[in-house]
Protein chains: 4
Amino acid sequence: MNSKSKPWIFTASCPSIVGTVDVVTRYMANAKNYIDEIHSFDDRESQRFFIRVEFQPGDSDFTEATFAADFAERAAEFSMEWQLARPEHRQRVAILVSKYDHCLNDLLYRYRTGQLNIEIPVIISNHPDLKPLAEWHGIPYHHLPISNETKPEQEAEIVKLLAEYDIELVVLARYMQVLSPKMCEHLDGWAINIHHSLLPGFKGARPYHQAWEKGVKMVGATAHYVNNDLDEGPIIAQGIQTVGHAQYPEDLISKGQDVERVTLFNAVRYHIEKRVFINGHRTVVFSN
Amino acid sequence: MNSKSKPWIFTASCPSIVGTVDVVTRYMANAKNYIDEIHSFDDRESQRFFIRVEFQPGDSDFTEATFAADFAERAAEFSMEWQLARPEHRQRVAILVSKYDHCLNDLLYRYRTGQLNIEIPVIISNHPDLKPLAEWHGIPYHHLPISNETKPEQEAEIVKLLAEYDIELVVLARYMQVLSPKMCEHLDGWAINIHHSLLPGFKGARPYHQAWEKGVKMVGATAHYVNNDLDEGPIIAQGIQTVGHAQYPEDLISKGQDVERVTLFNAVRYHIEKRVFINGHRTVVFSN
Amino acid sequence: MNSKSKPWIFTASCPSIVGTVDVVTRYMANAKNYIDEIHSFDDRESQRFFIRVEFQPGDSDFTEATFAADFAERAAEFSMEWQLARPEHRQRVAILVSKYDHCLNDLLYRYRTGQLNIEIPVIISNHPDLKPLAEWHGIPYHHLPISNETKPEQEAEIVKLLAEYDIELVVLARYMQVLSPKMCEHLDGWAINIHHSLLPGFKGARPYHQAWEKGVKMVGATAHYVNNDLDEGPIIAQGIQTVGHAQYPEDLISKGQDVERVTLFNAVRYHIEKRVFINGHRTVVFSN
Amino acid sequence: MNSKSKPWIFTASCPSIVGTVDVVTRYMANAKNYIDEIHSFDDRESQRFFIRVEFQPGDSDFTEATFAADFAERAAEFSMEWQLARPEHRQRVAILVSKYDHCLNDLLYRYRTGQLNIEIPVIISNHPDLKPLAEWHGIPYHHLPISNETKPEQEAEIVKLLAEYDIELVVLARYMQVLSPKMCEHLDGWAINIHHSLLPGFKGARPYHQAWEKGVKMVGATAHYVNNDLDEGPIIAQGIQTVGHAQYPEDLISKGQDVERVTLFNAVRYHIEKRVFINGHRTVVFSN
C-alpha cells in the first residue's frame, strides 16, 4: 500500500495498440508490486502511448535486473521504450552558466535543501564570475572561456567533462552561448534550456527589450529541451509575470528573473521525477 | 486507439490492496477495450484507492449490462464501488438560484453552446426574478417562495421536483438559503454549492464585507459538495482574484462574481466528467 | 471629500515639462474640486506626460463648459490634450461580431447588470446568427453580409451606422473580418479588438491551432486598439490560461474563450473608465 | 523630466479635506521639482488622504533640510504626516530568523544582486544554524537563544541590537517565535512578518497541516505589519499556490515556501519604495 517511502518509477512509451496498459499492470500485479499512482495517455495525433507508474515492490529482493529479466521480452512485442528509476537514485546533473546567477542560485538552494533530489557534480561556465557561489556549495567549477575561434574546442571540452562526470542531465541555466549544431545534436533530449520569453514570441537576442518595445502586458519564460533547432525544442514548462507601463526594459529583466528561475526549476523537477516525455515537437507532462 | 469519438468513462474506488489496478486493466484488455487515458491514486492517509479510465469499447455490442455481468463479481472481491458512464449520456442537472444571476447566466451560456454536456430540465428559485432568463433558454422555472415558517414545505417541494425530473446533480448557483439539516442530508454528495470566499476563511454571511474589513489582497470562491455541515463540505475547486485598497465591498462583490462563476463551472465540469471522488472530508480530483 | 457618488474624470497628456501636474491640481484647488484619486506618469522614453484625476466638483453649477472656459487657455500653453467625463455619461458603444458569441454574451451580460456603465445602441454583424441574442437584450441588430467584392460597400455601411448612432467606441468582439486599410484608419484609436493569442505570438489565422502545434503550455488573448497595422495596434490588456498535452486544438479554443471574454471586458472597462492612453505603439494603463 | 536617475520620494497622509493634493504639487512646482509619477488616494471610509510622489529636484542644492524649511509649515495646517526619501538612501534592515532559510536566502540573494536596495547590517536568530549563510554574505549574525524563561531578556537584547545597528525596518523571515505583547508594541508599524497561510484562514500553528486537513485547493502566504494583535496586523501582500489531492502536508510546506519568499519580498520592496501606508487595520499600497 501507499506509504511514505519513496516509490520506484516506471515510465514507457510505444505505438498505440490494444494491451499497452495491460502489459504493464499485469506484470505489476504478478510481481505483487503495489501501484501508488498510475497515469497513462494516448495521443490521438501521434498515435503514441505514454505511461508513468509509481510503485512499491512486493518483493524485497526486487532489482532492476529482475525487472528487466521478467519484463523486457513482453515489452519488446509492443516496441515499448521503457525506463525504471530506483527510489534512491539521484540523477547526475551538470549546470552550465555564464554570468547571470539567478537560476544557478535557485537550483543550488533547492539542491542544498533537498527540494531537488539530484547530484550536481559539476558546474561549467565561460566566465569565472560564479566560482565563489559554486565553491560555497562545494561543487567543482570549470571555467572554459569561449570565442568564435575556440568554440569547437570549448564545446569538445564540455562534452568530455559531461562524460567524465557521468552526467545524465544538462541544465543550461542562462548559458548565454549559441550552441553549435553539433553540440545541439549531442545534447538532444537530455539538456534543458531556459529562454527568457514566452516562446515562440520574442525569439533571439534581448527578448525583454523586444517585449518592452511591443508594449506587452505580460512577460514570461520557457523551459524546453535542446534539440537541433535553436529556441525550438519541445517545451516543458512556461511561466508568466504581468508588467505595466511604468516598467522599463531593466525592470522587465528583473521581474522576469523570478519567472525564469521558477520555470526552470519546474522543468528540471518534472524531468527528474520522470514526468516528461518527448512526443515529436511537443511534450507529454504528467504534472502533479 | 484514441480517436475523436467521446470515450466511455469508468470510475471506481475501494480500500488500498494489491491488485486494484490489475482487476480493472485486465478486464479492459480481455474485453479488447482501448484505454485512452488512465489515472489512479492511492491516498496513504485514508488507505483508499481511486481510479478513472477513459476507453473505447472493443466490441460494438458493448453495453453497461455486459460490462456489469463480466465485471461485478471481481469488483465485489475488492469491495469496489464503481460507475460506468456512456459517452452519449448527458447528466440531468437542476439549478437552484435566488436573485443573483451571474452563475446561472454562465452555466446557461455554456449549456447552450455545448461547453457543458448536460441536460438542464429544471431551474428552481425562491424568487420570480430570473424566470425570463430561464424561459429564453426554454427551461421550466419553478418559483417556490420560502419563509422561516414554510421552509419544511418548500424543501419538500424541491425534493419532489428533483425526483420528478430525475435529477442526478443539483447545483446551488448562489441559492441564498440556509438548507435544513434534513435537506443537507438529502443532497449529501450529489449537490454542489458555490461559496463566495476562500473557505475556511470568511464563513457565514457577507463574506466580501468581512474580507474588505480585514484588508485582504485577494478574494476568492469555493465550490464544494453539500454535506450535513454547512460551508464545510468537501472542496472541489477554488479560485481567486486580487484586490487593492481602492476597491470597496461593492467592488469586491463585482470582481468576485467572475471568480464565482468560473469556479462553479470548473467544479460542475469536473463532476460531470467523473473526475471528482469524495474522500472523507477531502476530494480527489483528476483534473486535466 | 471622497463619497459614494461617482466622480468626474479628467484625463490629459502632453510633452514632459515642469509644471504639468501643477497646472491641473492648481486649477482643481482653485475651483474647490475635491480630488478622490490622482495618477500621473512621465514616460522617459517618449518624454510624454499622462494624468488621470477623479474628482467631485466644489461648485454645484460645475459643467464642462465652465471647466473649459477656465482651463483651456492654460492647458494650451502646455500643448495639453485633455478630456473631461461627466459622472452620468454613458459612452455609446457599438459591438461588431461574426458568429462566435462568447464575447458578445459576456459584454451584454455585464451591460444588462450594470457592471459595464455604457450604452449599446447597435450591434453589427456579417452574419444573422446572433440576432436573437441581441433582440432579447432589446438592441438593434444590423446584418451586413460581406464578400471580397462587397467589402468597400459593407464597410461604408458600417461607417455610416457608427455615425448615425453617434458611437464613441467600437468593440470588435470576434468580428472575424480583416478590415481594409481605409477602415483601420477610420477606427484608429477608438476601436478595440480581441485577438485570440498572446500577441505578438501566433499572429494571423487559427492561432490556437498554431499554439497546439508548437506545444505551448499557455494560451492567451490580447485586447488592443485597432490601428493601421493589422494585429499590431497598441496592447491594452492580455490574459492567459494554462494548457497541457491532453488538450487538443478544440479544447484550446474552448478554454481560450474564457480568457478572451475577460481580457476584452477588462480592456473595454479600462477604456470606459478613461484609464488608457495611447503612447506611440504602447499604452499607459492606470489600472485599479 | 523623467530620467534614469533614481527619484526622490515624497509620501504623506492626512485627513481628507480640499487642498491636500494642491499643497504638495504647488510646492513641487514652485521649487521647480520635476514630478515623474504621482499617486494619491482618498479612502472614503476612514476619510483619510494618502499621496506618494516621485520627483527630480529642480535645484541641485536641494536637501531634506531646505524641503522641510519650505514645506513643514503648510503641511502642519493639514495635519499632514510626511516623509522624504533621498534617492541614495538605503534603508537599514534587520532580519530575524529561526531555522528555515528559504526567506532569508531569497532576501540575501536580492540584496547581494542589488534587486533590493537596502543595507542588511545584522541578522538575528534564536538558533545558530544559519550563521554560515550570513557569513558568506559578510553580515554579522547574532545568535540569541530563547526559552520561555529567558524570553524577556532575549527580546530586550534584540531591542538593544536594533537600536545599536540603527535599524529602520525589521523583517521576520520565518522567525518562529510568538513575540511578547511588549515586543509587538515596540515593533508596531516598522516590522514585517510572513505568515504561511492566506490570513485570516489557518491562523496559529502548523497552517499547512490545517490546510491539508481541510482539503483546500490553494495554499498561500500573507505578509503583514506586526502590531499588538498576533497574526492580525495590516496585510501588505498575499500570494497563492494551487495544490491537489496528491500533495501531502510536507508537499504543501515545500510548495508554500516559494509563495512565502516571493510574498515577503514583495512586501519588503513595497515598504522600501515607500508604497505602503497603514490605514487603521488595512493598508494602502501604491503598487507598480
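The values are calculated or read from the model by the stated rules, or taken from the named source; none is laboratory data. None of the values given here were measured: they were computed from a predicted structure. Note that each Cβ is placed from the backbone with ideal geometry, even for glycine, and that neighbours are counted across all protein chains shown.
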Determine, yes or no, whether residue D:106 is on the phi > 0 side of the Ramachandran plot and assigned by TED's automatic domain parsing to the domain that holds residue D:188. no
Give me a count of the residues in the stretch B:193-203 that are under 20 Å from residue B:272 (Cα atoms) and within 14 Å of chain D (Cβ to nearest Cβ). 2
Would you mind telling me which numbered condition in (1) within 14 Å of another protein chain (Cβ to nearest Cβ); (2) out of contact with any Pro (no Cβ under 9 Å at 6 or more places or on another chain) residue A:181 fails? (1)
Scan the stretch C:98-112 and tell me whether some residue there is under 18 Å from residue C:64 (Cα atoms) and in contact (Cβ under 8 Å) with a residue 12 or more places away in the chain. no
Determine whether the stretch B:114-123 contains at least one residue that is of a type in the set (D, E, K, R) and in the same structural domain as residue B:281 (by TED's automatic domain parsing). yes
Would it be correct to say that residue B:186 is more than 9 Å from chain D (Cβ to nearest Cβ), in contact (Cβ under 8 Å) with a residue 24 or more places away in the chain, more than 30 Å from residue D:278 (Cβ to Cβ) and touching a helix residue (DSSP H, G or I) at 6+ places or on another chain (Cβ under 9 Å)? yes
Condition set out of contact with any strand residue (DSSP E or B) (no Cβ under 7 Å at 6 or more places or on another chain) and over 20 Å from residue B:257 (Cβ atoms), scope the stretch B:181-220, selection modelled with the lowest pLDDT: answer is B:200
Which pairs do you get when a residue that is in contact (Cβ under 8 Å) with a residue 40 or more places away in the chain, found in the stretch D:244-263, comes within reach of a residue that is crowded, with 21+ Cβ neighbours inside 10 Å and in a loop (DSSP other than H, G, I, E, B), reach meaning Cβ atoms under 7 angstrom, with the pair 6+ apart or on two chains? D:252/D:243; D:256/D:196; D:260/D:196
Can residue D:94 be described as out of contact with any Ser or Thr (no Cβ under 9 Å at 6 or more places or on another chain) and buried (at least 20 other Cβ atoms within 10 Å of the Cβ)? yes
Exactly one condition in (1) more than 14 Å from every other protein chain (Cβ to nearest Cβ); (2) over 25 Å from residue C:189 (Cα atoms) is false for residue C:87; which is it? (2)
Selection from the stretch B:6-16 of residues that are more than 7 Å from chain A (Cβ to nearest Cβ) and either more than 16 Å from residue A:16 (Cα to Cα) or in a helix (DSSP H, G or I) (or both): B:6, B:8, B:9, B:10, B:11, B:12, B:13, B:14, B:15
Scanning the stretch A:215-230 for residues that are assigned to a strand (DSSP E or B) and over 22 Å from residue C:276 (Cβ atoms) gives A:220, A:221, A:222, A:223, A:224, A:225
Of these, B:45, B:73, B:81, B:37, which one is surrounded by fewer than 21 Cβ atoms within 10 Å (Cβ to Cβ), in contact with a Phe, Trp or Tyr (Cβ under 7 Å, 6 or more places away or on another chain) and not assigned by TED's automatic domain parsing to the domain that holds residue B:142? B:37
So residue A:209 clears everything in (1) within 14 Å of chain C (Cβ to nearest Cβ); (2) surrounded by fewer than 19 Cβ atoms within 10 Å (Cβ to Cβ); (3) assigned to a strand (DSSP E or B) except one condition, right? Which one? (3)
For the subset of the stretch D:122-134 comprising residues that are within 30 Å of residue D:6 (Cβ to Cβ) and either among the β-branched types (Val, Ile, Thr) or surrounded by fewer than 16 Cβ atoms within 10 Å (Cβ to Cβ) (or both), which member is nearest to the other protein chains (Cβ to nearest Cβ)? D:123
Of all residues in the stretch B:18-57, which are facing chain A (nearest Cβ under 7 Å), farther than 16 Å from residue A:19 by Cβ and not in a strand (DSSP E or B)? B:18, B:19, B:44, B:47
Residue tally, condition under 24 Å from residue B:47 (Cβ atoms) and either at the interface with another protein chain (Cβ under 10 Å from one of its Cβ atoms) or not hydrophobic (A, V, I, L, M, F, W, C) (or both), over the stretch A:58-68: 3
Check the stretch C:203-210 and report whether any residue there is outside the structural domain of residue C:48 (by TED's automatic domain parsing), of a type outside the set (Ser, Thr, Tyr) and under 11 Å from the mean Cα position of the chain (by Cα). no
Taking residue A:244, is it in the same structural domain as residue A:95 (by TED's automatic domain parsing) and on the phi > 0 side of the Ramachandran plot? no
Check the stretch A:142-149 and report whether any residue there is of a type in the set (Ser, Thr, Tyr) and surrounded by 14 or more Cβ atoms within 10 Å (Cβ to Cβ). no
Given the options C:76, C:72, name the one that is closer than 30 Å to residue C:184 by Cα, out of contact with any Lys or Arg (no Cβ under 9 Å at 6 or more places or on another chain), without any contact (Cβ under 8 Å) to a residue 40 or more places away in the chain and assigned to a helix (DSSP H, G or I). C:76
Being over 17 Å from the mean Cα position of the chain (by Cα), modelled with pLDDT of 95 or more and closer than 26 Å to residue B:109 by Cα narrows C:223, C:134, C:156 down to just C:134
Looking at the structure I just gave you, is residue A:166 among the charged types (D, E, K, R), at pLDDT 95 or above and touching a helix residue (DSSP H, G or I) at 6+ places or on another chain (Cβ under 9 Å)? no
